[in-house]
Number of protein chains: 2
Amino acid sequence: MKNIGIAIHGGAGTILRSKMTPEKETGYRRALEEALKEGWDILNSGRSSLDAVERAVELLENNPLFNAGKGSVFTHEGKHEMDASIMDGKTLNAGCVSSVSNIKNPVLLARLIMEKSGFVYLSGKGAEKFAAYHNLAFEKDEYFYDEFRYKQYLSALEKDNVILDHSYESTEKKFGTVGAVAIDSEGNLASATSTGGMTNKKFGRIGDSPIIGAGTYANNSTCAVSCTGNGEYFLRSVTAYDVSALMEYRNMSLEDASDLVVHTKLKALNGEGGIIAIDKDNNISMTFNSEGMYRASVKTGKEIEINIYK
Amino acid sequence: MKNIGIAIHGGAGTILRSKMTPEKETGYRRALEEALKEGWDILNSGRSSLDAVERAVELLENNPLFNAGKGSVFTHEGKHEMDASIMDGKTLNAGCVSSVSNIKNPVLLARLIMEKSGFVYLSGKGAEKFAAYHNLAFEKDEYFYDEFRYKQYLSALEKDNVILDHSYESTEKKFGTVGAVAIDSEGNLASATSTGGMTNKKFGRIGDSPIIGAGTYANNSTCAVSCTGNGEYFLRSVTAYDVSALMEYRNMSLEDASDLVVHTKLKALNGEGGIIAIDKDNNISMTFNSEGMYRASVKTGKEIEINIYK
C-alpha cells in the first residue's frame with residue numbers, strides 16, 4: 001500500500017469569524033479542496049511529491065482569493081512583486097525567485113530555476129529574463145488586477161502603512177502566502193511556497209517565502225515545511241530548517257518540533273503565523289499561533305480535512 | 001579581564017601558490033590586518049561586536065583586492081550588483097540587502113535596514129531608494145571599475161561562462177566574499193557578510209551572502225558565523241544556522257560543528273568554500289574545504305593570526 005500525503009495552506013492571520021460570510025467560507029474551502037485533490041491525484045498516480053506541491057501551489061496562485069500569483073497584493077508603486085521557492089527533499093535541490101512581476105505562476109519559475117539555471121536563487125528583471133528565455137507564461141498587469149486588492153492598496157496608501165497581505169482592515173492581520181508539502185510513494189518529500197507580499201510594501205522588501213531554510217525546506221531524512229506569517233520573524237528564526245534540525249539533532253517528533261518552533265521560538269520574538277509540515281513517516285502537522293490558517297490535508301487512510309479556524 | 005575576539009575572511013577558493021607573488025601576498029595580509037585591527041580596537045574600547053564586524057567588513061569592501069564593495073566583479077551586463085547581511089546575536093535582529101548597485105558600502109546598508117526599515121530584507125532599486133532616503137554614500141560606476149576585474153569580465157564574456165569571484169583563470173575557483181564575526185566585552189555576538197557576486201553572473205542570481213541562516217548567522221546562545229564559497233550549496237545547506245543548530249541541539253563544540261558542516265555536509269553536495277565562526281566562549285574556528293581562505297583572527301590572550309593557505 002502506497003503511503004502518500006499532502007498538506008496545503010492559503011495563509012494565516014487574524015481571520016475574524018465576524019467578517020466571514022458563508023459564501024466566502026465556501027469559496028475558500030472549495031479552492032483549498034480543488035488544489036489538495038489535484039495534488040493528491042498526482043501522488044496517487046505514482047508521480048513525484050515535487051509535481052504535487054508545484055501543481056497545488058500553481059492552483060492556489062491562480063485563485064484571486066489568495067495572496068500569490070493572480071491574487072497578489074499591490075506594492076507601494078501600484079505593482080505586483082511576487083516571490084516563490086521549491087525544494088526537493090531527495091536531492092536537496094532548490095529553486096527560489098523574488099521580486100518578479102507579470103509571471104503567471106512564480107512557483108513554476110522556481111522549479112525552472114532549480115532544474116535549468118545552474119543556480120538556486122534568481123531575482124527581479126534577471127529572473128524574468130530567464131523565464132522569458134524558457135517560454136514561461138507571462139500575464140499583463142490587468143490579469144493581476146483585483147478590485148478588492150486595489151481598494152486595500154488605496155486605503156493603505158492613504159494611511160501610508162503597510163498591510164500584511166489580504167487584511168480586511170489594517171488592524172486585522174493576514175498573511176496570505178500559499179504553500180504545499182507532500183510525500184510521494186517513493187518516500188520523497190517536497191515543499192513549495194509562493195506569495196504576493198504585503199499591500200503597499202516599499203523598498204523591494206522580501207519576506208521568508210523565497211528563502212530556503214526560512215519559508216521553505218525539505219529533506220527526505222526529516223520533513224518538508226512551508227511557512228506563512230510575518231516573514232521578518234521567520235527569516236530571523238530560520239523557521240523551516242529549524243523544524244528539520246530539531247527532528248534530526250534532537251530526535252523530536254514532527255509535531256513537537258513544529259509546536260516548539262511556532263508556539264515558543266517564534267512567539268518569543270513576537271512572530272505570528274503558522275507552518276504546515278509532513279515528515280518521512282507521513283505524519284502531518286499544521287500549527288499556527290494566529291487566529292486562523294487556511295489549510296487542508298489528506299493522506300493514505302485518512303479523509304480530506306479542510307479547516308480555517310483553530 | 002575583557003574576553004573579546006574577532007575573525008574575518010576575504011574569500012575562499014583555489015588560491016594557487018604558483019600564482020601568488022610576494023607583493024600580492026603582502027597586499028592581502030596588510031588589508032586583512034588593517035580590517036582586523038580596526039575591529040579589534042572597537043571591541044577593545046568597549047564598543048559592540050556589531051560595530052566591530054560592520055567596520056571590518058566596511059574596510060574589506062573599500063579594498064579592491066576583495067570581491068565586495070569597491071572590488072565587486074562585473075555582472076553579465078557589465079554592472080556591479082552587491083549583496084550583504086548583518087546579524088545581532090543578542091536580539092536576533094538582522095538586516096539583509098541584495099542586488100544593489102552604486103552603494104559604496106552594502107554592509108552599512110544592511111545595518112541601516114536592520115535598524116531603520118522595520119523590515120529584514122530589502123532588494124534592488126527599492127533598497128537603493130531606502131539608502132538614498134537615509135543619505136547613505138553612493139558611488140558612480142567608475143568607483144567600482146577595476147582593470148583586473150574588467151579583464152576577467154571580458155574573458156568570461158568571451159567564454160560565456162560564469163566565473164565565481166576573482167579567479168585568475170576560469171579553472172581556478174575563488175569565492176571573494178568578505179565577512180567578520182566577533183564577540184564583545186558584554187558577551188554579545190555579531191556577524192556580517194558582503195559580496196560582489198560572480199563575474200559574468202546572469203539573471204539576477206543571488207548567493208548565500210545576504211541570507212540569514214545560509215551566509216550569515218549570530219545567536220548569543222551559540223555562535224556567530226560568516227560563510228564564503230559557491231553560494232548555491234550554502235543556500236541549500238542552510239550552512240550558517242546549521243553550525244548554531246548543531247551546537248544548540250547536539251551540544252557539539254564550535255570546532256566540531258564547523259568541521260561537520262564544512263568537511264562532511266557541504267562536501268556531500270560537492271559544495272566548496274569555508275566559514276569563520278566565533279562562539280560565546282570566545283573559541284574561534286576558521287574552516288574550509290578549498291585550497292585556501294584569506295583569513296585573520298585575534299582574541300584576548302592571543303596574538304594576531306593571518307593566513308591564506310592550509
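Rounded to the nearest 20, the Cβ-based charge dipole of chain B about its Cα centre (Lys and Arg +1, Asp and Glu -1) stands at 240 debye.
Placing a label point 7 Å from the Cα of residue B:158 along the Cα-to-Cβ direction, the distances to the matching points in the other copies come to 6.2 nm, shortest first. Checking the cross-link filter: which aspartates and glutamates have an alpha carbon closer than 18 Å to that of residue A:299, excluding same-chain neighbours under 8 positions apart? Partners found: A:33, A:34, A:38, A:41, A:51, A:54, A:184, A:186, A:255, A:279, A:281.
Taking Lys and Arg as +1 and Asp and Glu as -1, the other residues whose beta-carbon sits under 13 Å from that of residue A:46 total -2. For the range A:1-146, relative contact order (Cα pairs under 8 Å, six or more residues apart, normalised by length) works out to 17 percent. Over the range A:193-267, what relative contact order in percent results from Cα pairs under 8 Å that are six or more residues apart? Once divided by the residue count of the range A:193-267, the mean separation gives 25 percent. Using only Cα atoms, locate the centre of the range A:177-205 and the centre of the range B:99-123, then give the distance between them in Å, rounded to an integer. Spelled out, the Cα-based centre of one part sits 25 Å from the other.
The range B:50-109: percent of C-alpha pairs farther apart than 13 Å? Counting every Cα pair in the range B:50-109, those more than 13 Å apart make up 60 percent. For the range A:76-116, heavy-atom accessible area (probe 1.4 Å) falls by no less than 30 Å² from the chain alone to the full protein assembly at A:92.
Membrane-span-like helices of chain A, defined as complete DSSP H segments with a Cα extent of 30 Å or more along the helix axis and a mean Kyte hydropathy of at least 0.5, are absent. So which GluC sites (Glu not before Pro) in the range A:179-261 are both in a DSSP loop and have at most 14 other Cβ atoms within 10 Å of their Cβ? Those that pass, being in a loop and sparsely packed, are A:186. Here the alpha carbons of the protein assembly as shown define both size measures, Rg and Dmax, at 23.0, 77 Å. Interface of B with A. Using a 1.4 Å probe and counting protein heavy atoms only, the two chains hide about 3400 Å² of accessible surface, both sides summed. Label-point distances for residue B:79 to the equivalent site in the other copies, using a point 7 angstrom along Cα→C-beta, read 1.1 nm when ranked shortest first.
Taking the Cα centre of the range A:12-155 as origin and assigning +1 to Lys and Arg Cβ atoms and -1 to Asp and Glu Cβ atoms, the resulting dipole is close to 160 debye.
The residues packed around residue A:119, meaning those with a beta-carbon under 12 Å from its beta-carbon, carry a net charge of +2 if Lys and Arg are +1 and Asp and Glu are -1. Note on the protein assembly as shown: with charges restricted to the Cβ of Lys and Arg (+1) and Asp and Glu (-1), its dipole about the Cα centre is near 200 debye.
Solvent-accessible area per residue in chain A equals 35 Å², computed with a 1.4 angstrom probe and all protein chains kept. What do you get for Rg/Rh of the range B:36-146 when both radii come from the Cα atoms and Rh is the Kirkwood radius? With Rg and the Kirkwood Rh in hand, the quotient comes to 0.98.
Here the sum of -39500 (n - 2.57) over DSSP H runs of 4 or more residues, divided by the residues of chain A, equals -9500 deg cm²/dmol at 222 nm, to the nearest 500. Using a cutoff of 8 angstrom between alpha carbon atoms and counting only pairs six or more residues apart, the relative contact order for chain A works out to 25 percent.
Taking 19 Å as the limit for the C-alpha separation, the pairs A:265/B:90; B:151/B:201; A:202/B:140; A:90/B:202 exceed it in the case of A:202/B:140; A:90/B:202. What is the diffusion coefficient of chain B in µm²/s, taking the Kirkwood radius over Cα pairs and the Stokes-Einstein relation at 20 °C with a viscosity of 1.002 mPa s? Stokes-Einstein gives a translational diffusion coefficient of 116 µm²/s.
Placing a label point 7 Å from the Cα of residue A:3 along the Cα-to-Cβ direction, the distances to the matching points in the other copies come to 4.6 nm, shortest first.
Using a probe radius of 1.4 angstrom, the carbon and sulfur fraction of the accessible surface of chain B is 46%.
The values are calculated or read from the model by the stated rules, or taken from the named source; none is laboratory data. Keep in mind the model is a prediction, meaning the values are calculated, not measured. A quick note on method: Cβ atoms are made from the backbone with ideal geometry, for glycine too, and the neighbour counts reach across all protein chains shown. In case anyone asks, the SASA skips ligands and DNA or RNA and just uses the protein heavy atoms, side chains included. Shrake-Rupley method; radii C 1.70, N 1.55, O 1.52, S 1.80 Å.
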